[in-house]
1. From the residues in region B:1-60 that are of a type in the set (Asp, Glu) and away from chain A (no Cβ under 12 Å), which one is nearest to B:Gly124 (Cα to Cα)?
2. Say whether the condition of being more than 24 Å from B:Ser32 (Cβ to Cβ), within 14 Å of chain B (Cβ to nearest Cβ) and either among the β-branched types (Val, Ile, Thr) or not in a helix (DSSP H, G or I) (or both) is met by at least one residue in region A:109-121.
3. Exactly one condition in (1) surrounded by 11 or more Cβ atoms within 10 Å (Cβ to Cβ); (2) basic (Lys, Arg); (3) closer than 30 Å to B:Ser32 by Cβ is false for A:Arg141; which is it?
4. If A:Arg182 satisfies all but one of (1) at pLDDT 80 or above; (2) on the phi < 0 side of the Ramachandran plot, what's the number of the condition it fails?
5. Hey, which of the helices (runs of 4 or more DSSP H) in region B:63-173, taking only ones fully inside, have at least 1 residues that are more than 14 Å from chain A (Cβ to nearest Cβ)?
6. Out of region A:64-99, which residues are part of a loop (DSSP other than H, G, I, E, B) and exposed (fewer than 12 other Cβ atoms within 10 Å of the Cβ)?
7. Within the group B:Lys100, B:Lys143, which residue is of a type in the set (Lys, Arg) and closer than 24 Å to B:Pro33 by Cβ?
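The values are calculated or read from the model by the stated rules, or taken from the named source; none is laboratory data. Bear in mind that the values here come from a model prediction, so they are computed numbers and not experimental data. Glycine also receives a Cβ, built like all others from the backbone with ideal geometry; neighbour counts cover every protein chain displayed.
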Amino acid sequence: MRSALAALVLALAVGASVAQQARPLADDPVLEAQVLSIAEHLRCLVCQNETIAASRADLANDLRDQIRAQLKEGRSEAQIKQYMVDRYGDFVLYTPPVRPTTWPLWIGPFALLLVMLWWLARLLRSRRHEAPAVPLEEAERTRARALLGEATEPGVTADAPKDEGKAKAVQASSRDKAKAQRRS
Amino acid sequence: MKLRYIVPLVLFVVLAGFLAVGLQRDPRAVPSPLVDKRAPEFSLPLLEDPGVQRTVAQMKGKVWVANFFASWCVPCLVEHPLVTELSRSVPVVGINYKDKHEDATRWLARNGNSYAMVLVDREGKVGLDYGVYGVPESYVIDKEGVIRYKQIGPITPEALRDVLLPLVKKLDA
């Protein structure tokens with residue numbers, strides 16, 4: 001009974017403190033949406049992998065307030081972003097500006113992709129010439145012929161799958177041999 | 001040597017180079033665009049006497065350090081002895097950031113107050129103008145009112161010895 005009472009008191013206390021901290025966010029849903037759309041493109045400097053829109057850090061709160069206040073004053077999105085850049089540098093932008101110092105950042109991944117594609121193409125082209133056909137030895141040839149001959153004979157087509165398997169096995173073994181030869 | 005051995009070697013050296021440099025940098029330190037710019041103007045009340053306002057303009061002609069601190073900030077406590085040491089060479093203005101008046105007063109009484117003066121930035125508005133994103137942060141401001149250096153995070157003994165004291169001496173000359 002006493003613990004239940006304690007739990008109730010605790011729950012009320014928690015509820016009260018939350019109620020105190022809640023902020024009147026939805027006064028103006030249009031403005032709020034605008035604030036969030038700007039905040040989504042700005043980095044929170046305290047928790048660097050979150051946007052100002054997503055972060056619950058104090059600083060993010062302050063900066064959202066700033067955006068809200070400046071929007072109310074009629075400043076444009078570009079002006080607000082400039083305000084942030086003036087204070088925190090380009091780092092605050094999730095979309096860094098395109099300029100010579102950021103070219104590697106913007107072009108780098110695509111350049112790397114092109115290099116890899118070129119490398120892959122070269123590799124594939126060289127591989128095509130790499131594997132010359134290895135002639136079968138006479139014994140293998142007769143064995144293969146015997147197996148294939150059996151399969152093509154009329155009346156024994158029911159056995160075909162089995163024989164096909166055998167033929168494949170022969171092919172595989174000769175391929176292995178070819179590989180072994182190439183290696184040596 | 002064949003190309004196929006050289007290429008991975010070169011790639012490895014490049015990668016190792018990037019890591020060697022990149023891993024030694026502090027990812028939390030964001031270079032401030034305010035360095036070498038004029039210190040943002042403010043007018044803030046004194047902690048001891050809230051009726052009196054102080055401005056950046058009043059500091060003109062002096063080299064000084066603006067040190068953002070708060071009683072709720074643990075690294076501030078860590079750097080406090082070094083701030084005290086720094087204040088022997090240059091006036092350090094404490095800017096009490098988002099703090100309660102009585103907490104700040106008690107904190108200074110307990111840990112010592114070597115600040116030339118303590119100003120109150122209750123809402124953190126001046127902090128925003130200075131690009132503060134976590135206390136403590138300190139700004140060295142020259143005689144013309146230009147920010148010359150920003151210390152992000154607590155002042156370390158190395159930063160004090162190798163950067164702050166030499167810089168203050170140079171600017172004072």
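1. Taking region B:1-60 first, the residues of a type in the set (Asp, Glu) are B:26, B:36, B:41, B:48-49.
If we keep only those that are away from chain A (no Cβ under 12 Å) too, we end up with B:36, B:41, B:48-49.
Numbers: B:Asp36: 22, B:Glu41: 14, B:Glu48: 18, B:Asp49: 19 Å.
Here the answer is B:Glu41.
2. Yes, region A:109-121 contains at least one residue that is more than 24 Å from B:Ser32 (Cβ to Cβ), within 14 Å of chain B (Cβ to nearest Cβ) and either among the β-branched types (Val, Ile, Thr) or not in a helix (DSSP H, G or I) (or both).
3. Of the numbered conditions (1) surrounded by 11 or more Cβ atoms within 10 Å (Cβ to Cβ); (2) basic (Lys, Arg); (3) closer than 30 Å to B:Ser32 by Cβ, the odd one out for A:Arg141 is (3).
4. So A:Arg182 meets the others, but not (1).
5. Numbers: elements: B:74-86, B:101-111, B:125-129, B:165-172.
Qualifying helices (runs of 4 or more DSSP H): B:74-86, B:101-111, B:165-172.
6. Answer for region A:64-99, where residues must be part of a loop (DSSP other than H, G, I, E, B) and exposed (fewer than 12 other Cβ atoms within 10 Å of the Cβ): A:Glu73, A:Gly74, A:Ser76, A:Tyr94, A:Thr95, A:Pro97, A:Val98, A:Arg99.
7. Values: B:Lys100 fails: closer than 24 Å to B:Pro33 by Cβ.
B:Lys143 is the lone residue from the list that is of a type in the set (Lys, Arg) and closer than 24 Å to B:Pro33 by Cβ.
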